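Report on one structure; see the data block that follows.
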Amino acid sequence: MSFPPFRAARRLARAARLPFCALVLALPLRAQPAAPPSTLTWAQLAAAPGASSQEVAWLKAHLSDAERAEVSALVGALSAPAAAQVMGSYLFADGSVHVPFTGARALADSLYLRPADGLAGRVRVAYLAARLRVATREGWERLGVFATEFRGAPGDALAKAPTLDARVRPARGVTLDLRLDFAPAESLLAVVGTPDVAPTVAAARLRGPAFDALVAHRNQRFYSLPWTRELMALNVARAASTLPVDRLYAWANPKGFLDYADVARHGARYRALLDTLHVRGPALLDGVVARIAPYLPAGTRLDRTVSLFFADGADGWASSGVAAVDLEWFKDDWPRLRGTLTHETFHAAQAAVRRPSAVAVTARDSVLRRAAEALFSEGTANWIAPARDMPAEERAAAVRLGSARVDSVVAAVARGDVAGAHALVDRGISGAGPFYALGEAMTATIVEALGPSALADVLPRGGVAFVKRYSRAVSQRGGTAALLTTRSVSAIAALRD
């Protein structure tokens, strides 16, 4: 099919005895409007036809000049503002919609709506991306468990040993040999640092027992987004992607792509951090041993490797024989890193000294035992090294909430609602929930009333014995308000330990 202007051009070409293509190339072209600049000033944003003045005002109030330049360049690199619609699905694919304080679910709905073309659409996309960024950073900084930036703290702070009670000494024969395993973190840093790595390549690189343990841990029922190898590989690949929409999402969501957006953005800083830990790691682990050893039974021997990872979901964990910390949660906040290493290594010590427990024979026994085990395992570890710093008022409120939740578990079991009871236990554990603070307060009561050896004595016996020992400590101290209701203590104490 030939269009009228080209028919005329063909006739003219035959008359001039010129190749048709040469004549077409010589024809004057209609002037095209100039493409908008990739980086927009505040004045250009405000003057964009059709842009919301309220959204521009919000951007100016919440972004620095550097952030404005970066987000406008990232949005300008998109083929069209509508390319950002896919970011709504990313918020589901990495579980960000489950973080309540970011408003990510509502932002996902807004991102799914097609924005206008041109500058007005660019302003809209920049606004939505910036809203997510600001809410994510402010929310996690307020919570105090995820470091959004490096602090510039010198690595020699790792050599400073924590202050300990000199009166508390390890029992006879307690030996702890600890070392760091850098391989998982090195593999993740290398893969995320490979531009446009394919998901299949990422999946092949992230294999082995350590990564099996990570996926198994993140598959526990209290996680909102269960991990799989496919999920991990896709998010790692997106974090390494050079596609403009992926780079925009990584800017908008600092914890996006299962935290691998953060790892990609700070790759050089993490390289330096790992180099520091290669040198300072032994001193760091010496402090961990000094804190843990006095509260272990005589003859305890623990030979353990602590693996270094990057992974969303928890700052530290232990699963399938692997004890681990996820470095992006701390960056160079050395005291917090030492505390979490201590917390997770104590979990490994718990497992090392644990004797087989009586098997729960009914669904009722199973859920009550699970609640007691959570109070024991997380509470004692939290007393050794808190999972996060909390003001006294917040900690007291968490203890009260934990006690009420345990009582609700007992009530649900009495009604025959075992599924509901398990859900209540999940809420007590998830996100360093109130069972951590309650179990910590119970541990403090045991140590204060019965001495450090009482904690060492109960470690091999588990959660039911822990609750019974706590009840004894309350009785012995006298005048101490019980943290658990009488109904809760009676229900758990009726189980065999």
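We did not get these values from a lab; they are worked out from the coordinates using the rules stated. Every value quoted in this text rests on a predicted model; they were computed, and no experiment measured them. Every residue, glycine as well, gets a Cβ built from its backbone with ideal geometry; the counts of neighbours run over all protein chains shown.
Could you list D286, D246 so that the one with the fewest beta carbons within 10 Å of its beta carbon is first and the one with the most is last?
D286, D246
When 1/r is averaged over all different Cα pairs and the result inverted, which Kirkwood radius in Å belongs to the range 118-252?
Computed over Cα pairs of the range 118-252, the Kirkwood hydrodynamic radius comes out at 19.2 Å.
Hey, with R₀ at 60 Å, roughly what FRET efficiency would D212 and A43 work out to, going by the Cβ-Cβ distance, to 0.05?
0.65
Restricted to Cα positions, what overall size does the chain have along the principal axes? Three whole-Å values, descending.
111, 52, 42
Enter the mean projected area of the convex hull around the alpha-carbon atoms of the range 38-179, in nm², rounded to one decimal.
With every direction weighted equally, the projected area is 13.6 nm².
Say a site is exposed when it is one of the chymotrypsin sites (Phe, Trp or Tyr not before Pro), sits in a DSSP loop, and has at most 16 other Cβ atoms within 10 Å; what is then the longest site-free stretch of the chain?
My reading of the result: 223-497 is the longest stretch.
Taking loop as defined by DSSP and a crowding limit of 11 other beta carbons within 10 Å, which trypsin sites (Lys or Arg not before Pro) in the range 404-454 fit?
R415
What is the angle, in °, between the Cα long axis of helix 418-429 and the longest principal axis of the Cα atoms in the chain? Nearest 10 is fine, range 0 to 90.
Computed tilt is about 80 degrees.
By how many degrees, 0 to 90 and rounded to 10, does the Cα axis of helix 334-353 deviate from the longest principal axis of the chain?
The two axes meet at around 50 degrees.
Using 0.36 nm times the number of residues separating D426 and A183, minus their current alpha carbon distance, what extension gain do you get?
Numbers: separation 243, 0.36 × 243 = 87.48 nm, distance 3.13 nm.
So the chain would gain 84.3 nm between D426 and A183.
Of the beta bridges DSSP finds with both residues in the chain, what % are antiparallel, to the nearest 5?
Details: 4 of 15 bridges.
That works out to approximately 25 percent antiparallel.
For R221 and Q85, calculate 0.36 nm times their separation in residues minus their Cα-Cα distance, and state this gained length in nm to one decimal.
Gain on extension, R221 to Q85, equals 45.9 nm.
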